[in-house]
Structures are given as C-alpha cells and as structure tokens.
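J.: Dropping the structure in here first, questions after.
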Amino acid sequence: MTAEEKIRSLVLAPYIVKATALIGKERYVGGNQFRHAFATLGILLDYKYFSNPVLLKASLVHDLFEDIPTTDKSILRNLDSDGNMVTNLVLELTKDENESKATYLKRILETSSFNAKTLKVADRISNLTDINRSIFSDHKIAQYLDETEQYVLPMAQQVNQDMVRELSDLIKKRRTMLDSGF
C-alpha cells in the first residue's frame, strides 16, 4: 500500500470527535489543546508515520486524560479496533498527578514504548514551536530547553534521527532567542 493509500484508509473521525473535548482547554502559549493535538498529528504525518494508525490516533487524544480526568476510558477503548491500543498508549504518556516532570520524562525515556517516545517527541516539537517570551520567563524557557536536552532529545535519538535534527535546531534557535533578547 502506498503512503497515499494508507492515509486514505485511516479513519480518524471518532478520535477527532473525542478530541473536541479539548477545545475549551487553553494552552499557556495561546490557542487550545484541540489545535495542539492537530499540530502533533501534523508533525507525525510530516515524519511519514502513515503506517502507524495507533500512533496517529493517539496523537489526537494524547492530552485528554490529563486535561479532562473525568474522561471515560472505556468509551475511548471501544471507538474502533485500535481503541484499546490507543488508550493504552495515551495512558502510557499520561503524567501521574504525583509524578514530578523530571520523573515523568525519565520514566518515558527509560521504560516506555517506541510509540510513546515518538509521540512525546512530536508533542515536544509542537510545544517548542509555540513557546514564546510573552508568556514564559527567560528562566522558564531555559529550564524547558534543559529538560528537552536531558530527556526528550535522547528519546528522539532512540526513535527518529530526523526528529533529533529538528529538536536540536529548535533548542538552538530558542537559546539564541534568549541570548539575543528577542
């Protein structure tokens, strides 16, 4: 099957409907979590993950359980034949409320699946693309970049060398932005 045929056969509508619950969830950088989910999907498509419907479907709902904890997981599990695997992937990426960010990222780096790492890297690319100084302090951005270098860049090295290049470029550009004051 060609890449185009794989995309044509991909059924995302049930996951898009579930993701609409994120429309009212604001992002600190502006916009909402629904648009961020689509940006994450777009990154995965850009990297040609056409043959991985579980990963693509999970990208649309990857923040659902964190942002809307009352989400009925059984409904997601039963959306389609991939629902159980999609739900398990989203749960694998869901930060426990008692988990520090560093512990969470270390857990994903050291113990998570290829799909979880790939999705986390795409998520971070989206976040770094959107990060700006009008919302976050220079100190907060620098911490985020350090965290990306320590945990997310090694994930990218495990899953996709092109993502390594993009993350490295984003980190470099954001550090230049901080250093130059713009």
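J.: Being surrounded by fewer than 18 Cβ atoms within 10 Å (Cβ to Cβ), in contact with a helix residue (DSSP H, G or I) (Cβ under 9 Å, 6 or more places away or on another chain), in a helix (DSSP H, G or I) and without any contact (Cβ under 8 Å) to a residue 40 or more places away in the chain is the filter here; which residues of the stretch 113-143 pass it?
T.: Selection gives Ala142 alone.
J.: Could I ask something else about it? Any residue in the stretch 15-28 that is of a type in the set (A, V, I, L, M), part of a loop (DSSP other than H, G, I, E, B), under 25 Å from Ser112 (Cβ atoms) and in contact with a helix residue (DSSP H, G or I) (Cβ under 6 Å, 6 or more places away or on another chain)? Working first, answer last.
T.: Keep residues of the stretch 15-28 that are of a type in the set (A, V, I, L, M), which gives 16-17, 19, 21-23.
Checking the rest, the ones that are also part of a loop (DSSP other than H, G, I, E, B) come to 23.
Cutting the leftovers down to under 25 Å from Ser112 (Cβ atoms) gives us none.
Within the stretch 15-28 (the criterion being of a type in the set (A, V, I, L, M), part of a loop (DSSP other than H, G, I, E, B), under 25 Å from Ser112 (Cβ atoms) and in contact with a helix residue (DSSP H, G or I) (Cβ under 6 Å, 6 or more places away or on another chain)), the answer is no, since none of the residues qualifies.
J.: Tell me which of these Lys48 doesn't satisfy, since it passes every other one: (1) on the phi > 0 side of the Ramachandran plot; (2) surrounded by 21 or more Cβ atoms within 10 Å (Cβ to Cβ).
T.: Result: Lys48 fails condition (2) only.
J.: Follow-up. Could you please give the count of residues in the stretch 32-44 that are touching a residue at least 12 places away in the same chain (Cβ under 8 Å) and more than 11 Å from Thr118 (Cα to Cα)? It would help to see each step written out before you state the result.
T.: Kept after step one, since they are touching a residue at least 12 places away in the same chain (Cβ under 8 Å), are these residues of the stretch 32-44: 33-34, 36-41, 43-44.
Keeping just the survivors that are more than 11 Å from Thr118 (Cα to Cα) gives 33-34, 36-39, 41.
Matching residues across the stretch 32-44 total 7.
J.: Mind telling me which of the residues Arg35, Arg27, Arg77 ends up being in contact with an Asp or Glu (Cβ under 8 Å, 6 or more places away or on another chain) and either more than 21 Å from Thr129 (Cα to Cα) or surrounded by 13 or more Cβ atoms within 10 Å (Cβ to Cβ) (or both)? Even if it seems obvious, please write down each step before you answer.
T.: Numbers: Arg35 fails: in contact with an Asp or Glu (Cβ under 8 Å, 6 or more places away or on another chain); Arg77 fails: in contact with an Asp or Glu (Cβ under 8 Å, 6 or more places away or on another chain).
Step by step, each of Arg35, Arg27, Arg77 is checked, and only Arg27 is in contact with an Asp or Glu (Cβ under 8 Å, 6 or more places away or on another chain) and either more than 21 Å from Thr129 (Cα to Cα) or surrounded by 13 or more Cβ atoms within 10 Å (Cβ to Cβ) (or both).
No value in this document is a laboratory result; all are computed from the given coordinates. None of the values given here were measured: they were computed from a predicted structure. Heads up, the Cβs are rebuilt from the backbone with ideal geometry, glycines too, and the neighbour counts pull from every protein chain shown.
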